[in-house]
1. How many residues does the stretch A:226-243 hold that are open to solvent by less than 20 Å² (accessible area, probe 1.4 Å) and of a type outside the set (A, V, I, L, M)?
2. Going through the stretch B:32-47 one residue at a time, which ones are in contact with a Lys or Arg (Cβ under 8 Å, 6 or more places away or on another chain) and within 9 Å of chain A (Cβ to nearest Cβ)?
3. Keeping to the stretch A:385-413, report how many residues are farther than 19 Å from residue A:489 by Cα, outside any helix (DSSP H, G or I) and open to solvent by 30 Å² or more (accessible area, probe 1.4 Å).
4. If you check A:46, A:31, A:70, A:82, which single one turns out to be surrounded by fewer than 23 Cβ atoms within 10 Å (Cβ to Cβ) and free of Cβ contacts under 8 Å to residues at least 60 places away in the same chain?
5. The conditions are (1) part of a loop (DSSP other than H, G, I, E, B); (2) within 30 Å of residue A:199 (Cα to Cα), and residue A:550 fails exactly one of them. Which is it?
6. Quick one: would you say residue B:194 is among the hydroxyl-bearing types (Ser, Thr, Tyr) and farther than 22 Å from residue A:11 by Cβ?
7. From the set of residues in the stretch A:1-41 that are among the β-branched types (Val, Ile, Thr) and in a loop (DSSP other than H, G, I, E, B), which is nearest to the other protein chains (Cβ to nearest Cβ)?
Amino acid sequence: MDKRLKRILPRVQKPSRYTGGEYNQIIKDKEAVDLRVAFCFPDTYEIGMSNLGMSILYHTMNSLDFVWCERVFAPWGDMYEEMKKAGMPLYALESGDPVSEFDAIAFSIGYEMAYTTVLDMLDMSGIPLRSEGRDGLLPIVMAGGSACVNAEPMAPFIDLFLIGEGEEMDNDILSLLHTAKHEGWSKKEFLIKAAQIQGVYVPSLYEAAYNDDGTVKAYTPRDGAPARVLKRIVEDLDAAPYPTDPVVPSTEVVHDRVSLELFRGCVRGCRFCQAGYIYRPIRSKKPDTLIRQGIEAVQNTGHEEISLLSLSTSDYRPLSGLCDGLLEYCEPRSVGLALPSLRADNFSVEIMEKIQKVRKSGLTFAVEGGSQRLRDAINKNVTEEDVLNTCALAFSGGWNTVKLYYMLGLPTETDEDIVGIAEMSEKILHCWRVNAKNKNRGVRITVSTSCFIPKPHSPFQWEAQITQEEYLRRVNLLRSSIKAKNVVYNWHDAETSVIEAALSRGDRRMADVIETVFRNGGRLDAWTDYFSYERWNDAFCSCGLDRDFYASRERPVEEVLPWDVIDVGVRKSLLLREKERAYRSELSPDCRKSCSACGAAALLKGRGCDE
Amino acid sequence: MNKLRMRFSKTGRAVYISHLDLMHTMQRAISRAGFSLKYSEGYNPHPQISIALPLSVGMSSRCEIMDLRLNEEVSFDDFRDRLNSSLPEGIEVLEVYEAEEKVSSVKWLRVRGTLEYDDRDVLQVLPKLTEFFERENIPVMKKSKRGLSETDIRPMIREIRFSSGGEGIVIADALISAAEPTLNPDLITAALVTICPPIAPDFASYERMEVFKPDMEAFR
Ligand code: SF4
């Protein structure tokens with residue numbers, strides 16, 4: 001171990017997150033591999049090690065025998081300071097070698113607030129931040145993950161983006177890089193060839209032009225790069241690589257459990273939800289595959305819990321059978337089963353009763369909008385009746401805590417809708433009085449609101465975000481409308497949401513703001529411990545960009561959007577139709593009732609959507 | 001099944017795993033190896049596994065003692081081998097046997113300190129170190145639940161010898177009190193830093209070598 005590191009570690013909190021050496025880590029002989037990949041997660045170890053995508057791609061990249069892929073995370077503040085003081089560069093966990101010695105630096109960017117940490121990790125590695133400042137082929141800096149569906153804000157820093165699912169695409173790129181390294185290609189040569197691989201976006205091959213009013217005029221590709229980059233997917237999830245021997249952290253992480261992914265995509269089409277659009281088409285795994293993988297993973301990791309992941313777990317058709325199959329193995333071994341993302345319906349309560357025989361955790365509903373009209377406008381197919389019926393069943397079954405999540409600032413929202421949130425909580429409270437068997441234990445109803453952020457590739461991508469002042473006005477309205485003592489109201493403040501809104505729909509000029517924030521000390525901005533609203537606002541000012549132009553301006557539908565160059569498979573005309581329907585508070589059927597031909601099925605070659 | 005005892009080492013990168021995390025890591029490793037820990041009866045059942053002398057973060061050891069009960073009968077060697085292939089880097093089971101002696105009979109620990117001197121001549125430091133520990137009293141400020149308090153660590157050091165460990169390194173061999181009272185070897189460094197900075201190392205790390213009973217027979 002590095003001598004400097006040895007001296008630092010006893011002084012920092014939870015040092016084992018900085019050492020590597022965990023069970024199931026992949027160690028290779030560095031002399032025997034041709035390509036070394038530093039797989040960087042721009043957040044802490046605890047967050048990164050809880051990420052299923054990271055775990056999958058770590059294994060797929062390492063399945064190439066010419067590659068050794070290692071993990072790199074961002075150090076917490078105390079470790080960061082110590083490393084700076086000792087002059088220690090960022091290093092990879094498995095070998096302890098500095099990131100600057102690697103051939104490829106691959107970032108997984110899942111959220112916009114991680115942008116400054118990407119820059120920080122490059123900087124801690126001693127690698128120039130901007131692509132144009134890195135002349136040679138190596139190290140090549142790439143990025144993937146859901147925040148890359150609008151790649152523009154990070155475009156000047158990243159040599160190439162991988163759009164969509166990485167299982168196959170990452171290895172295509174690494175194979176090409178392998179050839180390039182052997183044959184001594186220039187960086188330009190490599191990037192031009194890389195742009196021919198489906199899913200690869202090489203921003204330096206696109207010229208950005210702007211109109212006088214500050215909007216984007218065009219992105220013009222050259223050197224044969226495609227006009228639009230179509231995302232990559234994995235067609236057959238049953239055959240897709242899933243590591244049943246993931247790295248087992250030796251210290252506590254956020255999600256310390258086996259994660260099973262039931263399906264990708266979502267049949268619901270909620271209009272505010274980016275994930276519901278960018279992960280299409282719908283592809284499920286067979287219960288047999290999941291049961292086998294779940295059991296194997298428990299055996300190989302010793303985890304005490306299996307979590308079933310998807311955007312809407314209740315929509316997994318064989319859910320009941322899957323739970324039975326897993327419980328058969330899990331129950332006698334005291335392995336728990338967790339099902340986040342259940343819908344508010346009776347079926348969910350049945351499932352919950354099945355899996356929570358002993359411990360009853362709280363019920364959670366994502367209601368999102370306060371009135372039926374608003375829920376129709378956002379296509380959130382939950383009725384008050386659903387919620388109340390589910391609550392009735394749950395209260396009589398012994399549950400006594402309910403959490404309700406809403407967004408404020410959704411398009412078309414009125415004050416009436418906001419008061420509706422308070423009314424719904426009163427009704428739930430009444431429902432508890434009528435149905436609870438044992439009232440002595442009391443009831444806790446928690447209402448949480450966050451400020452809506454319009455996201456690229458969703459039907460609300462053109463919408464204005466409400467201002468911070470307006471959000472606070474709505475928060476206060478709701479606060480004064482909630483009268484009952486047993487109803488607790490929590491609201492997230494809007495500062496991060498405003499910045500996130502600006503970043504998520506930013507263009508290439510946003511890079512200056514991100515870099516300025518980083519230069520002024522910004523990193524780990526997803527953490528309230530480190531986020532500074534002032535620092536971001538100052539950076540917008542000094543870069544001469546108007547934050548509100550990006551966050552709270554409604555875009556005309558004919559405007560060229562910075563993310564138009566990325567094709568996630570869903571037609572823009574469908575998004576537009578959904579936006580129009582929203583303004584008429586008109587529901588659209590979910591994919592199971594009728595396919596609205598969104599276009600995503602064209603990404604599949606050998607099967608139909610949701611088959 | 002009777003109470004099993006295992007002796008294991010914790011070295012290399014594993015020394016940074018905290019005591020609590022180690023308990024969890026061990027439980028998982030046991031389950032990966034295909035064994036199941038016995039749980040206590042009662043309202044709040046917990047796995048029957050315990051470590052004799054919790055090791056502080058950053059310290060390595062060749063003589064950790066862990067007691068546990070399993071639901072099944074096992075052969076000691078098979079248990080050791082399967083567990084070893086399920087453990088993270090740096091943790092190795094040395095021996096498994098039936099627990100006979102009471103953990104409370106642990107009294108002394110042999111520890112080995114590696115004292116690093118970045119720009120001092122070790123040969124000059126050596127005699128001064130020996131001299132320092134010949135004092136009658138070595139009072140050190142120690143953090144406890146009740147705040148800072150002064151303790152004399154001298155009586156807790158039964159013997160201590162220093163030798164050169166090569167360029168810039170002094171090796172300390174000490175026999176210290178493991179229980180009632182417990183001496184954390186880091187206090188040896190702390191004493192030098194506060195009382196005699198000229199011979200205090202720039203960095204020191206310790207390793208547990210062996211545990212003893214009051215009569216200086218190795219504890220098993
Ligand atoms: S192709 Fe049809 S079923 Fe599939 S996601 Fe699009 S709308 Fe839904």
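1. Of the residues in the stretch A:226-243, 2 are open to solvent by less than 20 Å² (accessible area, probe 1.4 Å) and of a type outside the set (A, V, I, L, M).
2. Step one: filter the stretch B:32-47 for residues in contact with a Lys or Arg (Cβ under 8 Å, 6 or more places away or on another chain), giving B:33-38, B:47.
B:33, B:34, B:36 - these are the residues of the stretch B:32-47 that are in contact with a Lys or Arg (Cβ under 8 Å, 6 or more places away or on another chain) and within 9 Å of chain A (Cβ to nearest Cβ).
3. Matching residues across the stretch A:385-413 total 1.
4. When all the criteria are applied, what remains is A:31.
5. The failed condition is (1).
6. Numbers: among the hydroxyl-bearing types (Ser, Thr, Tyr): yes; farther than 22 Å from residue A:11 by Cβ: no.
No.
7. A:19
Residue by residue, here is whether (1) among the basic types (Lys, Arg); (2) within 30 Å of residue A:257 (Cβ to Cβ); (3) more than 14 Å from chain A (Cβ to nearest Cβ) holds:
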residue: B:17; (1), (2), (3): no, yes, no
residue: B:49; (1), (2), (3): no, yes, no
residue: B:63; (1), (2), (3): no, no, yes
residue: B:117; (1), (2), (3): no, no, no
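The values are calculated or read from the model by the stated rules, or taken from the named source; none is laboratory data. Here the structure is a predicted model, which means the values were calculated and not measured. All Cβ positions, glycine included, derive from the backbone under ideal geometry; neighbour counts span all protein chains shown. Side chains included, ligands, DNA and RNA excluded: accessible areas come from the protein's heavy atoms. Shrake-Rupley method; radii C 1.70, N 1.55, O 1.52, S 1.80 Å.
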